[in-house]
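The values are calculated or read from the model by the stated rules, or taken from the named source; none is laboratory data. Computed from a predicted model, the values in this text were never measured in an experiment. Here the Cβ positions follow ideal geometry from the backbone for every residue, glycine too, while neighbour counts run over all protein chains shown. With ligands, DNA and RNA removed, areas are computed over all heavy atoms of the protein, side chains included. Shrake-Rupley method; radii C 1.70, N 1.55, O 1.52, S 1.80 Å.
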Amino acid sequence: MKNHLNIIQPEKLIDKPVSEMKGSEIQDKNMELYKNKSVTSLRPAVIWIEPTDLCNLKCKMCPIGVGDGLDRPKGMMKMDLYKKIIDEVSEWKPVIKLFHTGESLIHPGLEEMIRYAKERGCFVMLNTNATIMNERKSQMILDSGLDYLSFSFDGATKEVYENIRIGGNFETTMENIINFLKMRKEQAKRKPFVNVEMIKMKDTEEEVEKFKNTFKEHSVDNIGIKKLMNWGDQVPVEGEMEKVFTDLSCLHPWSFANILYDGSVVPCCRDSHAKHVLGDVNEDKLMDIWNKNYKMLKFRETLAEENGHKKIDICSNCTEVFVDRISDEDARMLG
């Protein structure tokens, strides 16, 4: 390892085993290392795992829907690989986000994935476009123990929704979501927590209030309005990038791990095209990639430099590169 890297041994910052730490405590230590510009991090508090990069829609604000789509092969994660990942990370029980670029409900083993992570004590979140939800899939989710379910539904009218989410049907998808909510209520299920969200952009900004009012009529736990992002400058976005005051650039590589369906580890959930593969969990343990792999450590070092993000293509013009804190949503899940 090159001597100039600022390596702080994360274990020296803790006074108890990581297995006894809450997610928020792990994240606090990650933030300490981030602010001290260390190239190491304690543990990923949140892990994105991509069941598949296949999707049935071509949304205009998503890398899949722009140009020729993803610049990598299509496929699904093998269950043996998934279990290998979960077995390792169950030591500290991170938040598992079972989605990345594709539509996770396409994976035939999704129920097993949710249950396996839950049995090992992880908090599990799923995001879906809800277009292929049906009674069977809804019941599967309700029975699986899933903690958090987020529906992405952009638009409050048929015209706007179907112009954005190419291939989706407004009425069918709305019915899928409402039917799920009815089933959860009828069965008196406390989980999953349900979030319905819309991205605020030029096409939807006049529909924000109508969107909120529509879902207020149903038993939704949260209605989210998200800002439009450019996926690491991979999707065209109108307007200026909003800079948040921070001493460093993005905190993601210190806090969040991202594993694609084939086992590739990338530095950020915005690296949809896998431009920066830092390791492979088929070959190495995640923690060996996280804190020992030179590519990963060098990536953090570059981001920690003043204007270091400008040296990395997916970071140089990213609309989220100046984020120096986790979202309220992630904080809630970490506990």
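Would you be able to tell me the number of residues in the stretch 31-52 that are assigned to a loop (DSSP other than H, G, I, E, B) and either open to solvent by less than 10 Å² (accessible area, probe 1.4 Å) or among the acidic types (Asp, Glu) (or both)? Total satisfying the criteria: 9.
For the stretch 53-71, does any single residue satisfy the condition of being assigned to a helix (DSSP H, G or I), within 19 Å of the chain's Cα centre (by Cα) and of a type outside the set (A, V, I, L, M)?
Going residue by residue through the stretch 53-71, those that are assigned to a helix (DSSP H, G or I) are 63-65.
Filter again for within 19 Å of the chain's Cα centre (by Cα), leaving 63-65.
Now narrow it down to the ones that are of a type outside the set (A, V, I, L, M): 63, 65.
Taking every residue of the stretch 53-71 in turn, at least one turns out to be assigned to a helix (DSSP H, G or I), within 19 Å of the chain's Cα centre (by Cα) and of a type outside the set (A, V, I, L, M).
Checking each residue in the stretch 272-324 for being part of a loop (DSSP other than H, G, I, E, B), among the basic types (Lys, Arg) and touching a helix residue (DSSP H, G or I) at 6+ places or on another chain (Cβ under 8 Å) picks out Lys275, Lys285. Being among the basic types (Lys, Arg), modelled with pLDDT of 95 or more, closer than 18 Å to Asp330 by Cα and surrounded by 22 or more Cβ atoms within 10 Å (Cβ to Cβ) is a property that Lys118 lacks.
Restricting the stretch 252-299 to residues that are closer than 12 Å to His100 by Cα and hydroxyl-bearing (Ser, Thr, Tyr), the residue that is surrounded by the most Cβ atoms within 10 Å (Cβ to Cβ) is Ser272.
Within the stretch 53-72, the residues that satisfy the criterion of being open to solvent by 30 Å² or more (accessible area, probe 1.4 Å) and of a type in the set (Asp, Glu) are Asp68, Asp71.
The C-beta contact set for the stretch 119-136 (first residue at positive phi, second residue of a type outside the set (Val, Ile, Thr) and at pLDDT 95 or above, distance under 8 angstrom, 6+ apart or interchain) comprises Gly121/Ser90; Gly121/Lys93; Ala130/Phe151; Ala130/Ser152; Ala130/Phe153; Ala130/Asn176; Ala130/Phe180.
Across the stretch 134-163, which residue is nearest to Lys226 (Cα to Cα) among those that are of a type in the set (A, V, I, L, M) and touching a Ser or Thr at 6+ places or on another chain (Cβ under 7 Å)? Before you say what the answer is, go through the steps one by one.
The initial filter retains those residues of the stretch 134-163 that are of a type in the set (A, V, I, L, M), namely 140-142, 146, 149, 156, 160.
Now narrow it down to the ones that are touching a Ser or Thr at 6+ places or on another chain (Cβ under 7 Å): 156, 160.
Values: Ala156: 15, Val160: 16 Å.
This residue is Ala156.
Within the stretch 1-30, residues that are more than 11 Å from Arg43 (Cα to Cα) and open to solvent by less than 100 Å² (accessible area, probe 1.4 Å) sit with their Cβ atoms under 7 Å from residues that are at pLDDT 90 or above and small (Gly, Ala, Ser), at 6+ positions apart or across chains, in these pairs: Asn6/Ser38; Ile7/Ser38; Ile8/Ser38.
For Ile141, the test of being open to solvent by less than 80 Å² (accessible area, probe 1.4 Å), outside any loop (DSSP other than H, G, I, E, B), closer than 22 Å to Gly69 by Cα and touching a residue at least 12 places away in the same chain (Cβ under 8 Å) is failed.
Tallying residues that are part of a helix (DSSP H, G or I) and within 22 Å of Met333 (Cα to Cα) within the stretch 186-214 yields 0.
Screening Asn129 on (1) open to solvent by 20 Å² or more (accessible area, probe 1.4 Å); (2) touching a Cys at 6+ places or on another chain (Cβ under 9 Å); (3) not aromatic (Phe, Trp, Tyr) shows it passes everything except condition (1). Scanning the stretch 300-311 for residues that are without any contact (Cβ under 8 Å) to a residue 24 or more places away in the chain and open to solvent by less than 30 Å² (accessible area, probe 1.4 Å) yields a single hit, Thr302. Give me the residue from the stretch 150-185 that is out of contact with any helix residue (DSSP H, G or I) (no Cβ under 7 Å at 6 or more places or on another chain) and assigned to a strand (DSSP E or B) and, out of that set, least open to solvent (accessible area, probe 1.4 Å). Filtering the stretch 150-185 for residues that are out of contact with any helix residue (DSSP H, G or I) (no Cβ under 7 Å at 6 or more places or on another chain) and assigned to a strand (DSSP E or B), the one least open to solvent (accessible area, probe 1.4 Å) comes out as Ser150.
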